[in-house]
Amino acid sequence: MKILTPRKIAEITNGRYIGREENVNDHVTGAVRDNRDVKTGNLFVCIRGERVDGHSFANNAFDSGAVCCLTEKMIPDAKGPYILVNSTLDAIKLLGAYYRSLFDIPVIGITGSVGKTTAKELIAAVLGEKFCVLKTEMNLNNELGVPLTLLSLNEHHEAAVIEMGISDFGEMGRLAEMVRPDIFIMTKIGYSHIKELGDLQGVLRAKTEAFAHMKPSGIAVLNGDDELLNVYDPKMRKITFGLREYNDVRAAEIRTDSTNNIEFDILGGRERFSVKIPAYGIHLAALAPAAVITGRLLDMTDDEIRRGFLRYSPVDGRANIIKTNGITIIDDCYNANPNSVEAALTSISELSGRCVAILGDMLNLGTHSEQMHRETGIFAAKSGIDLLLCQGEHALYIYEGFISENKINENKAYYYPVMDDLKSEISGKIKKGDTVLVKASRGMHFEELLTLIV
């Protein structure tokens, strides 16, 4: 890690150092927001949450080896030095931006309404074949998580892959001001956070704020299958990816007959070559060309890129495969919006055997909610889902959309207003040999269903 000290942190954040003078030049290595994650040498950032105030855990952080704390208020009987600032969130963003400026390595930023985490994992896997890569971990993709990720950089890293998530206007600009990506990848303009952003044009406007914070030599890698991104002009070099023939780099001849692997060919830019990814989901083929483009921009060979894809593994809760008692469960509980649910339904419909979808509310859709849930149900029916189980206030419309398209076989769908009712019946609905998709917004806690599917 580049050297940071409490003195330097106070200077960057316009804060006041409080502590013993002999500690003012101690070396700070990384930053965390949870005292349980503190490692020796860390900066502990005290964040005031709705239920928990991080300031209460400052001394716990010192006990675990923290060198210094970043605080918004005085810490009585502090066991170590701290830096007092007006806002710890604003301060950590200033610190993240400064620290990013110390590194002259390729930085790849990734955003999108759906697929950004998968794209991040694919790109990090590919680049990892040649480079030491820092990537965003867990859900550290917001205005607190991004600077914490940047502060994890050290001298060994040769590239960084940073996921950037937003929910309102202005956020992407603030993230990009810290990240300053050399390559910016956009996966999809969809309905995530449509309540705050209004419509798809609003989503596009919010996501593309990043381009104002890139160098003229920056490169935009955009999903050409997305109608809005296909025609969008980022005012810099643009490379498109996807499945359609007009993209600069695309996947074709997709081959999958199980949840174990997906294979396809890469076309565009160089000679055609085949790729295998040891994971499930057609969405991987749609996103993989973005990883190919990134690898090629960083002078990787196609053989290196091919080997990199073999390093990929899905993140828990995102199309993670669980096999138990002859049943295959697709754990996609991490989050949901209309685009991601349709992608998941498309993938499961390609598999043999009986396909079951357990779907819950997609949150934060605002006035569009009823229509979008109903359209999701219609899409599920057209996808050939054999059995649909729905739970949640808005999921009623998924159920209604499904049976409106499946009037002859209404017994293929069941709606549960109460989660406990679904829990009590779920095992009786699932049969050996079924493939079961479990997907809903994170706030629905559908991960609780996974152990009940037996």
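Scanning the stretch 150-166 for residues that are in contact with a helix residue (DSSP H, G or I) (Cβ under 6 Å, 6 or more places away or on another chain) and either of a type in the set (Phe, Trp, Tyr) or without any contact (Cβ under 8 Å) to a residue 60 or more places away in the chain (or both) yields Leu150, Val161, Ile162, Glu163, Met164, Ile166. On the basis of being closer than 23 Å to Glu121 by Cα and either of a type outside the set (Val, Ile, Thr) or assigned to a helix (DSSP H, G or I) (or both), does Leu228 make the cut? So Leu228 fails the test. Taking first residues from the stretch 121-149 that are closer than 10 Å to Ile162 by Cα and partners that are of a type in the set (Asp, Glu), the Cβ contacts under 7 Å between residues at least 6 apart in sequence or on separate chains come to Thr136/Glu163; Asn141/Glu163. Here the stretch 262-284 is the region considered, the condition is being at pLDDT below 90 and closer than 19 Å to Asp303 by Cβ, and the residue that is surrounded by the fewest Cβ atoms within 10 Å (Cβ to Cβ) is Glu271.
Residue by residue, here is whether (1) out of contact with any Leu (no Cβ under 6 Å at 6 or more places or on another chain); (2) hydrophobic (A, V, I, L, M, F, W, C); (3) assigned by TED's automatic domain parsing to the domain that holds Leu200 holds:
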| position | (1), (2), (3) |
| --- | --- |
| Lys116 | yes, no, yes |
| Ala124 | yes, yes, yes |
| Gly128 | yes, no, yes |
| Val133 | no, yes, yes |
| Asn139 | yes, no, yes |
| Asn142 | yes, no, yes |
| Thr149 | no, no, yes |
| Leu153 | no, yes, yes |
| Ala160 | no, yes, yes |
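Filtered by the rule that a residue be more than 17 Å from Ile185 (Cβ to Cβ), among the aliphatic types (A, V, I, L, M) and touching a helix residue (DSSP H, G or I) at 6+ places or on another chain (Cβ under 8 Å), the stretch 216-269 gives Ile254, Ile262. So His157 ticks every box in (1) more than 26 Å from Ala319 (Cα to Cα); (2) not basic (Lys, Arg); (3) not in a loop (DSSP other than H, G, I, E, B) but one. Which box is left unticked? In the conditions (1) more than 26 Å from Ala319 (Cα to Cα); (2) not basic (Lys, Arg); (3) not in a loop (DSSP other than H, G, I, E, B), His157 misses (3) alone. Among the residues of the stretch 119-129, the ones that are outside any loop (DSSP other than H, G, I, E, B) and in contact with a helix residue (DSSP H, G or I) (Cβ under 6 Å, 6 or more places away or on another chain) come to 5 in all. Just wondering, is there one or more residues in the stretch 112-124 that are surrounded by fewer than 24 Cβ atoms within 10 Å (Cβ to Cβ), closer than 30 Å to Pro278 by Cα and among the hydroxyl-bearing types (Ser, Thr, Tyr)? Yes, some residue in the stretch 112-124 is surrounded by fewer than 24 Cβ atoms within 10 Å (Cβ to Cβ), closer than 30 Å to Pro278 by Cα and among the hydroxyl-bearing types (Ser, Thr, Tyr).
Scoring Ser192 on the criteria (1) under 22 Å from the mean Cα position of the chain (by Cα); (2) of a type in the set (Ser, Thr, Tyr); (3) more than 28 Å from Leu148 (Cβ to Cβ) leaves a single failure, condition (3).
The values are calculated or read from the model by the stated rules, or taken from the named source; none is laboratory data. This one's a predicted model, so the numbers in the text were calculated from it and none came from an experiment. Using ideal geometry, Cβ is built from the backbone for each residue, glycine included, and neighbour counts are taken over all protein chains shown.
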